[in-house]
Amino acid sequence: ARMRLLSLGLLLAAGLLHTQASLLARSFQLDFEKDCFLKDGFPFRYISGSIHYARVPRPAWRDRLLKMYMSGLSAVQVYVPWNYHEPLPGVYDFAGNRDVEAFLDLTAELGLLVILRPGPYICAEWEMGGLPAWLLWKSDIVLRSSDPAYLAAVDSWLHVLLPKIKPRLYQYGGNIISVQVENEYGSYYACDYEYLRHLLASFRALLGSEVLLFTTDDAQAEDLRCGTLQGLYATIDFGPGSNVTKAFGAQRQVEPKGPLVNSEYYTGWLDYWGEAHASASSARVAQGLEDMLRLGANVNMQYMFHGGTNFAYWSGADFKDQYKPVTTSYDYDAPLSEAGDPTEKLFAIRTVISKFQPLPVGPMPSATTKYAYGQVALQKYADLLDVLDVLCTSGPIHSQFPLTFEAIKQVHGFVMYRTQLPRDVPDPAVLGARPHTVCDRGYVMLQKEYQGTLERDGQTALQVTGRAGDVLDVLLENMGRISFGANISDFKGLLGNLSLDSSYLSNWLIYPLAIDTAVQQGWPHSALPKSSSRGRAGPAFYTGTFETPGITWDTFVKFPGWGKGQLWINGFNLGRYWPHRGPQQTLFVPGSVLHVGHPNNITVLELEGAPPTPLLLFLDQPVFNRTLSHSTKDTE
């Protein structure tokens, strides 16, 4: 018996040593002699694609990742949006769709390596580039710098996130081969090396000395000067049509030896509200990929391999001479469409990959079934002004002058600002705001009558008439905080005073609206019907229901004759619609948000004015391509 125990002990010890030895053998490193990566000591080149788990419903994660694997990718690149997981200081959410660990475990199960980009800033055309809006509660904070207040918040977050990442690193038996620090920091004005050094020290302390850390910047000397740091491997980004030799020459200026890496090879481009739908030729994308792979380069197809959707309020905005908010659809003209369907571009890319490495055996999974549920009639439930008690249960905040969203700790959505006319206005007077005061759109009502809309970088004045004491309401909409192109301290709401002719308006009641909280709790479908003025324009809620035919399929909803607003189905916020501004005409509705066997509840907040016969049209394909800006003509 003693011999058997001894033998068992020796076997267990041998197994433990074998496990330790296999872990010791696992490594992912730079080879500066052969200008490549080494995986477990052997030369390795990755072909990767980007997917943002926050833009894909959790039930679809496996489908999208499997299609990426079957495309021939060896890795996926993944951002972690800080503001998605820490909605309020010290309040963390890693449940459901936010379960990043489950997503990473799924990538490993499917045989994909991971290039992780945990920020803290990620850009990604995501609200505030992934930075939490609550950072702006300290109004003089300098974001993405060595400002002590900013660094304290970053450190607190990294101490929560990175311990979840460490056991999933390749050298510890996981599948994460490299980790990016910050994101295109060279394009930011601050150029604060102390900040980069602080991040490097934090990542090393929390992830260990072996993990491969890198940076990504545009292939320009100035960007590479401010975005790189000794101890972080410098990679670059560029798209099809770029001179590949010249672009990698820029990387060689800062990294004379080591692997060539394009961390963001652009397969498509994003859409802005009011501009043409962007697209990129499959042939050009495939040719650019082949040119890089022939040089032995490592490539990640970002922006995007699969884009997905900016549900709720998560779309960001760029600043390029003016504020440019991003559409709800994040289709990106990517190889996998918004709904996760393989495209012609995917097969062109797959053909190129097959020239350099074997493809997985088996067929590409097919497109998911789409269903045209048809026409659904809606009824007006109430004007927004008549339900302020439901949407702001704590009542208004009194202030002499307007306060920003940040000052009243409202992150997303809408805030109502109310005051009274200080005098009789028998002749039209100008209700106006200085430039960059209305962030981002203000829907103006006087005595509950809609007057029109004030807009950032757009119309900043309206003419009004009225009597002293008449109630003036301005509903402010946050269209997404700037994620790229300027100092990203993008405050929302009324940033200054409104004036009537030349005199400032004062004595405001400010209502932070918790619309999503109410809708998620079943309102207004669970509430008693309101008697409402049917024909009145301006912000109002509409409701309706529809049933599915025994199974729930993905669908797309069109808004014939509607203005601008927000859509919820079964309490899930599907995002912003704005058909007359375009180009996007339909919103993607994942089948996973729909019910079988009982009605699906539709709630619409229309901001400007619904059509006389309010209805929605559910289609089996999307309409992205209305390209005439600010036109009412539909060019499907």
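The values are calculated or read from the model by the stated rules, or taken from the named source; none is laboratory data. These numbers come from a predicted model, not from an experiment. Here Cβ is always computed from backbone atoms with ideal geometry, including for glycine, and neighbour counts include all displayed protein chains. When the accessible area is computed, the model is the full protein with side chains, heavy atoms only, and any ligands, DNA or RNA have been set aside. Shrake-Rupley method; radii C 1.70, N 1.55, O 1.52, S 1.80 Å.
Observations on the structure shown:
- Test: residue in the stretch 115-137 that is assigned to a helix (DSSP H, G or I), surrounded by fewer than 20 Cβ atoms within 10 Å (Cβ to Cβ) and hydrophobic (A, V, I, L, M, F, W, C): yes
- Residue in the stretch 92-113 that is without any contact (Cβ under 8 Å) to a residue 24 or more places away in the chain and either among the β-branched types (V, I, T) or crowded, with 24+ Cβ neighbours inside 10 Å (or both) present: no
- The residues listed here are G575, G550, G561; of these, the one that is small (G, A, S) and under 24 Å from L513 (Cβ atoms) is G575.
- Some residue of the stretch 325-347 being buried (at least 21 other Cβ atoms within 10 Å of the Cβ) and assigned to a helix (DSSP H, G or I): yes
- Residues within the stretch 61-89 that are of a type in the set (K, R) and either free of Cβ contacts under 8 Å to residues at least 60 places away in the same chain or in a loop (DSSP other than H, G, I, E, B) (or both), tallied: 1
- Put simply, of D383, D427 the only residue that is of a type in the set (D, E), open to solvent by less than 40 Å² (accessible area, probe 1.4 Å) and modelled with pLDDT of 95 or more is D383.
- Matching residues, the stretch 203-249, being within 23 Å of Y189 (Cα to Cα), in a loop (DSSP other than H, G, I, E, B) and free of Cβ contacts under 8 Å to residues at least 24 places away in the same chain: Q230
- Pairs with Cβ under 7 Å, 6+ apart, first in the stretch 155-166 and farther than 15 Å from Y195 by Cα, second open to solvent by 40 Å² or more (accessible area, probe 1.4 Å): V160/Y92; K164/E101; K166/Y172
- Residue selected from the stretch 276-288 under the condition under 22 Å from E338 (Cα atoms) and outside any loop (DSSP other than H, G, I, E, B), by the criterion most open to solvent (accessible area, probe 1.4 Å): R284
- Only one of G186, G173 that is of a type in the set (G, A, S), open to solvent by 40 Å² or more (accessible area, probe 1.4 Å), assigned by the TED database to the domain that holds N298 and modelled with pLDDT of 95 or more: G173
- Among the residues of the stretch 247-265, those identified as open to solvent by 40 Å² or more (accessible area, probe 1.4 Å) and either among the small types (G, A, S) or touching a Phe, Trp or Tyr at 6+ places or on another chain (Cβ under 9 Å) (or both) are P256, K257.
- Residue, modelled with the lowest pLDDT, within the stretch 451-481, restricted to residues that are open to solvent by 20 Å² or more (accessible area, probe 1.4 Å) and among the charged types (D, E, K, R): D457
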